[in-house]
1. Could we say that A66 is buried (at least 18 other Cβ atoms within 10 Å of the Cβ) and without any contact (Cβ under 8 Å) to a residue 40 or more places away in the chain here?
2. Criterion first (under 21 Å from A20 (Cβ atoms), crowded, with 16+ Cβ neighbours inside 10 Å, out of contact with any Asp or Glu (no Cβ under 7 Å at 6 or more places or on another chain) and of a type in the set (G, A, S)) does G162 satisfy it?
3. Need the failing condition index for R88 against (1) surrounded by fewer than 15 Cβ atoms within 10 Å (Cβ to Cβ); (2) closer than 26 Å to N2 by Cβ; (3) in contact (Cβ under 8 Å) with a residue 24 or more places away in the chain, just the number.
4. All but one of (1) at positive phi; (2) surrounded by 14 or more Cβ atoms within 10 Å (Cβ to Cβ) hold for F131; state the number of the condition that does not hold.
5. Name the residue that is modelled with the lowest pLDDT, counting only residues in segment 133-166 that are part of a helix (DSSP H, G or I) and of a type in the set (G, A, S).
6. Filter segment 41-62 down to the residues that are under 21 Å from A93 (Cα atoms) and more than 16 Å from the chain's Cα centre (by Cα) and list them by number.
7. What residue, of D72, D32, D10, is surrounded by 13 or more Cβ atoms within 10 Å (Cβ to Cβ), touching a residue at least 60 places away in the same chain (Cβ under 8 Å) and touching a Phe, Trp or Tyr at 6+ places or on another chain (Cβ under 8 Å)?
8. Which condition does V55 not pass, out of (1) exposed (fewer than 13 other Cβ atoms within 10 Å of the Cβ); (2) touching a Lys or Arg at 6+ places or on another chain (Cβ under 7 Å), if it passes all the others?
Amino acid sequence: MNIRLAEMGDVQALPAIEAAAGEAFREIGMADVADDPLPDTDDLARHVGEGRIWVAETAGEVAGYALAVLRDGQAHLEQVSVHPDHARTRVGAQLIGAVRTWTLERRDEQLRLTTFTDVPWNAPYYSRLGFRPLPDAELGPELTAEIGEERRPFSAPRTAMGLRLP
């Protein structure tokens with residue numbers, strides 16, 4: 001497994017990985033999440049150009065990716081998707097590790113994300129990696145707006161979490 005910054009040639013594979021990973025939500029009765037629109041390849045290409053997408057490559061294929069953005073001037077893990085063929089092989093943890101390193105290099109105090117509270121491979125998984133729920137009072141205006149927007153379309157509860165860094 002090789003974790004590296006994404007290249008433009010990787011962009012076309014990313015929506016298919018996200019779609020395949022999203023099918024797990026359908027299996028637990030969350031079809032609204034599985035049917036959420038896939039990322040736009042032009043947006044993904046812009047993020048690749050900005051050096052904010054990492055991919056996990058195995059046997060010459062992209063097995064997963066992580067996308068980082070900035071919210072309120074802080075590192076924010078926007079998306080982690082791993083193809084189901086590579087689930088439970090620590091691909092997600094390695095991708096998150098790459099984003100954590102980027103966050104440290106930026107000298108941010110923490111890496112933040114938003115996620116579903118009750119989905120086993122969401123908040124409970126991130127908790128095992130050291131992320132903790134963030135009270136709404138600790139969220140900046142951009143993250144507050146994002147979590148508010150995310151809470152509207154989905155039936156399952158969402159939360160913001162942060163990983164404090166040294």
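1. Working: buried (at least 18 other Cβ atoms within 10 Å of the Cβ): yes; without any contact (Cβ under 8 Å) to a residue 40 or more places away in the chain: yes.
Judged against the criteria, A66 is a match.
2. Working: under 21 Å from A20 (Cβ atoms): no; crowded, with 16+ Cβ neighbours inside 10 Å: yes; out of contact with any Asp or Glu (no Cβ under 7 Å at 6 or more places or on another chain): yes; of a type in the set (G, A, S): yes.
Spelling it out, it is not the case that G162 is under 21 Å from A20 (Cβ atoms), crowded, with 16+ Cβ neighbours inside 10 Å, out of contact with any Asp or Glu (no Cβ under 7 Å at 6 or more places or on another chain) and of a type in the set (G, A, S).
3. Tallying (1) surrounded by fewer than 15 Cβ atoms within 10 Å (Cβ to Cβ); (2) closer than 26 Å to N2 by Cβ; (3) in contact (Cβ under 8 Å) with a residue 24 or more places away in the chain, R88 fails exactly one: (3).
4. Going through the list (1) at positive phi; (2) surrounded by 14 or more Cβ atoms within 10 Å (Cβ to Cβ), F131 breaks only (1).
5. Taking segment 133-166 first, the residues part of a helix (DSSP H, G or I) are 136-138, 141-151.
Pick out the ones that are also of a type in the set (G, A, S) and you get 137, 145, 148.
Working: A137: 91, A145: 93, G148: 86.
Among those that are part of a helix (DSSP H, G or I) and of a type in the set (G, A, S), it is G148.
6. Scanning segment 41-62 gives E57, T58, A59, G60, E61.
7. Values: D72 fails: touching a Phe, Trp or Tyr at 6+ places or on another chain (Cβ under 8 Å); D10 fails: touching a residue at least 60 places away in the same chain (Cβ under 8 Å).
Checking each option against the conditions leaves just D32.
8. The failed condition is (1).
The values are calculated or read from the model by the stated rules, or taken from the named source; none is laboratory data. Bear in mind the structure is a predicted one, so any value in this text is a computation, not a measurement. Methodologically, a virtual Cβ is constructed for each residue, glycine included, from the backbone with ideal geometry; neighbour enumeration extends over all protein chains shown.
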